[in-house]
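The values are calculated or read from the model by the stated rules, or taken from the named source; none is laboratory data. This one's a predicted model, so the numbers in the text were calculated from it and none came from an experiment. When we count neighbours, we look across all protein chains shown, and the Cβ atoms used for this are built from the backbone with ideal geometry, even at glycine.
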Amino acid sequence: MGKSTKDQRDHFYRQGKQEGYRARSAFKLLHLDEQYALFGRPGHSLGAHIVNQERGAPLPSDAASRLCAVLGEKLGRSVYASLARDAHPPGYVIDLCAAPGSWSQVLSRQLKSSGACIVAVDLQAMAPLEGVAQVVGDITTEETCVAVQQAFQRAQSTAYTQPADLIVCDGAPDVTGLQLVDEFLHAQLMASAVSMVVRLLRKDGTFVAKVFAEPHTPSTDMLLAQLRRLFRHVELAKPPSSRASSAEHFVRV
Ligand SMILES: C[S@@+](CC[C@H](N)C(=O)[O-])C[C@H]1O[C@@H](n2cnc3c(N)ncnc32)[C@H](O)[C@@H]1O
């Protein structure tokens with residue numbers, strides 16, 4: 001392992017301890033939020049106008065038509081839709097493969113003030129977290145998928161069940177050391193996460209998942225192509241807190 005990678009690992013490890021996170025992976029989600037505004041950017045000027053408009057406040061100018069005038073109808077609408085999405089904090093969130101819970105801690109801390117409803121799922125039970133409902137189960141089984149759906153419904157105070165705005169998955173199977181077996185097990189996990197996303201994520205909601213895939217390889221291109229058949233925008237990211245020596249990347253749809 002190179003010196004800079006080791007230093008970086010130590011830095012995030014120490015910072016995680018100082019900030020009370022259960023794992024250094026917390027920073028991966030925080031960095032993905034910096035890149036994609038996963039938790040909303042209500043302070044963003046255009047985003048704030050859009051939120052105000054949706055709340056009925058007068059908009060000083062018509063942001064959507066101005067964007068269309070500059071960028072053309074199709075791109076303008078698409079940029080407007082993504083700014084509108086990024087302006088809102090997600091209200092309904094599912095954290096798949098959540099233990100020991102540092103991503104759930106990030107979600108709980110970042111979204112506490114907006115009163116988000118958060119459900120965390122893992123094979124292992126984790127220490128309780130304020131504002132996070134837990135399901136212990138295997139996400140590759142139908143039984144757990146139903147249990148997540150039920151917990152998600154119970155965690156919502158309204159009669160009408162909202163679909164999720166954001167689903168995150170940092171799942172990793174126990175490593176066997178046999179590359180083909182490990183890749184197969186991770187692909188199973190990803191397929192199960194995607195099948196939950198198809199059932200529980202709202203249209204234009206956000207899904208973020210860890211994948212072990214180097215960019216521009218045939219297997220990564222195939223994975224991204226498969227995801228693009230289901231989701232409009234699919235991107236591959238490598239947050240600075242993810243070790244450079246690891247094939248770990250994150251897909252965001
Ligand atoms: C890297 S850890 C997740 C770390 C977590 N995001 C955090 O920040 O604390 C991977 C997790 O995936 C979970 N996992 C692996 N296979 C699973 C499965 N089939 N169903 C549910 N959870 C699973 C493991 O139990 C483990 O807790």
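Any residue at all in the stretch 176-184 that's of a type in the set (Val, Ile, Thr), more than 22 Å from residue 105 (Cα to Cα) and touching an Asp or Glu at 6+ places or on another chain (Cβ under 9 Å)? For the stretch 176-184, residues of a type in the set (Val, Ile, Thr), more than 22 Å from residue 105 (Cα to Cα) and touching an Asp or Glu at 6+ places or on another chain (Cβ under 9 Å): present. Output yes when any residue across the stretch 129-137 is more than 13 Å from residue 98 (Cβ to Cβ) and not in a loop (DSSP other than H, G, I, E, B), and no when none is. No, every residue in the stretch 129-137 fails to be more than 13 Å from residue 98 (Cβ to Cβ) and not in a loop (DSSP other than H, G, I, E, B).
For the stretch 8-38, a tally of residues being more than 11 Å from the ligand (Cβ to nearest atom), surrounded by fewer than 22 Cβ atoms within 10 Å (Cβ to Cβ) and in a loop (DSSP other than H, G, I, E, B) returns 3.
Residues that are modelled with pLDDT under 95 and in contact with a strand residue (DSSP E or B) (Cβ under 8 Å, 6 or more places away or on another chain) were ranked within the stretch 103-121; the one that is nearest to residue 17 (Cα to Cα) is 111. When 194, 198, 208 are screened for being out of contact with any Pro (no Cβ under 9 Å at 6 or more places or on another chain) and loosely packed, with under 14 Cβ neighbours inside 10 Å, only 198 passes. For the stretch 115-127, filtered to residues that are of a type outside the set (Asp, Glu) and surrounded by 13 or more Cβ atoms within 10 Å (Cβ to Cβ), the residue that is farthest from the ligand (Cβ to nearest atom) is 117.
The residue that is surrounded by the fewest Cβ atoms within 10 Å (Cβ to Cβ), among those in the stretch 128-142 that are within 11 Å of the ligand (Cβ to nearest atom) and either without any contact (Cβ under 8 Å) to a residue 40 or more places away in the chain or farther than 19 Å from residue 207 by Cα (or both), is 141. Filter the stretch 176-230 down to residues that are closer than 18 Å to residue 121 by Cβ and among the small types (Gly, Ala, Ser) and give me whichever is farthest from the ligand (Cβ to nearest atom). Among those residues, the one meeting the criterion is 205. Against the list (1) loosely packed, with under 14 Cβ neighbours inside 10 Å; (2) assigned to a helix (DSSP H, G or I); (3) within 15 Å of the ligand (Cβ to nearest atom), the condition residue 112 fails is (3). Among the residues examined, residue 168 qualifies as near the ligand (Cβ under 9 Å from one of its atoms), at negative phi and not in a loop (DSSP other than H, G, I, E, B). Quick one: which residue in 144, 140 is among the hydroxyl-bearing types (Ser, Thr, Tyr), more than 21 Å from residue 34 (Cβ to Cβ) and touching a strand residue (DSSP E or B) at 6+ places or on another chain (Cβ under 9 Å)? Answer to the check: 144. Could you grab me the full set of residues in the stretch 78-102 that are crowded, with 18+ Cβ neighbours inside 10 Å, within 22 Å of residue 19 (Cβ to Cβ) and either within 13 Å of the ligand (Cβ to nearest atom) or at pLDDT 95 or above (or both)? Result: 93, 95, 97, 98, 99, 101, 102. Looking at the structure I just gave you, is residue 151 touching a residue at least 12 places away in the same chain (Cβ under 8 Å), more than 14 Å from the chain's Cα centre (by Cα), away from the ligand (no atom under 11 Å from the Cβ) and assigned to a strand (DSSP E or B)? Judged against the criteria, residue 151 is not a match.
Residues in the stretch 227-246 that are surrounded by fewer than 14 Cβ atoms within 10 Å (Cβ to Cβ) and closer than 21 Å to residue 173 by Cβ were compared, and the one that is farthest from the chain's Cα centre (by Cα) is 245.
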